[in-house]
Amino acid sequence: KAGVTQTPRYLIKTRGQQVTLSCSPISGHRSVSWYQQTPGQGLQFLFEYFSETQRNKGNFPGRFSGRQFSNSRSEMNVSTLELGDSALYLCASREHGDTGELFFGEGSRLTVL
Amino acid sequence: DAKTTQPTSMDCAEGRAANLPCNHSTISGNEYVYWYRQIHSQGPQYIIHGLKNNETNEMASLIITEDRKSSTLILPHATLRDTAVYYCIVRISGNTGKLIFGQGTTLQVKP
């Protein structure tokens, strides 16, 4: 099985712009979670989607949003970018079960100038 | 906030066992202990998890104390490729993809 695929792997934006990141989960996995990783804050949970519905949300401003499509692929969007949004954005998928482990992608590294 | 406490860093000689401790004194009865690791510039990788009993898989062993307030991840024969940040996570059972990561332990395996 192919792993979790995230695109793009690297991108550079300027303050005020917006960005969309994409995640394709492992085949058969219907739950997708997003995380932000920065040197200062570490790994932080953004949100989780299942069946095209947001099921859980972390403590991030409304500029961070996401969605999930019927094929379980997910996108996250950050609007009005700030310098502090520079981070590695990780997507993880899992089988929708009780203790299903999370499988992470390699991440999208965003740099905001 | 993370519900676990781990040492910031540890060293281990190649070929020796690496024992990574984790304290989770406020763990609840329905919470699991999970271990993930992150090799530089890659996404976190699942290692093992447990509830009460000790667990073993092809990667590692997990020893959970009887009172469940602490645990130890054991890599039986560490290699240079095991150099990574290791995260101990307490995760509520049930259907959630939300993990609360702490700062983890940076394990340096030395030749």
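Counting only Cβ charges, +1 for Lys and Arg and -1 for Asp and Glu, the dipole size of region A:45-105 around its Cα centre is about 160 debye. Just report the Cα centroid separation between region A:40-70 and region B:3-64, whole Å. About 26 Å separates the Cα centre of region A:40-70 from the one of region B:3-64.
Each of A:Ser22, A:Leu88, A:Leu11 was scored by the projection of its Cα onto the charge dipole of chain A, and the greatest displacement toward the positive side belongs to A:Leu11; charges sit on the C-beta of Lys, Arg, Asp and Glu. Lys-Lys pairs in the protein assembly as shown that are eight or more residues apart or on separate chains and whose Cα atoms lie under 26 Å of each other come to 10. Overall, the protein assembly as shown carries a charge dipole of about 460 debye about its Cα centre when +1 sits on the Cβ of Lys and Arg and -1 on the Cβ of Asp and Glu, all other atoms neutral.
Every read-out reported here was derived from the displayed coordinates using simple, explicitly stated rules and does not represent laboratory data. Nothing here was measured: the structure is a model prediction, and the numbers come from that model. Quick reminder, even Gly has a Cβ in these numbers, built from the backbone with ideal geometry, and neighbours come from all protein chains shown.
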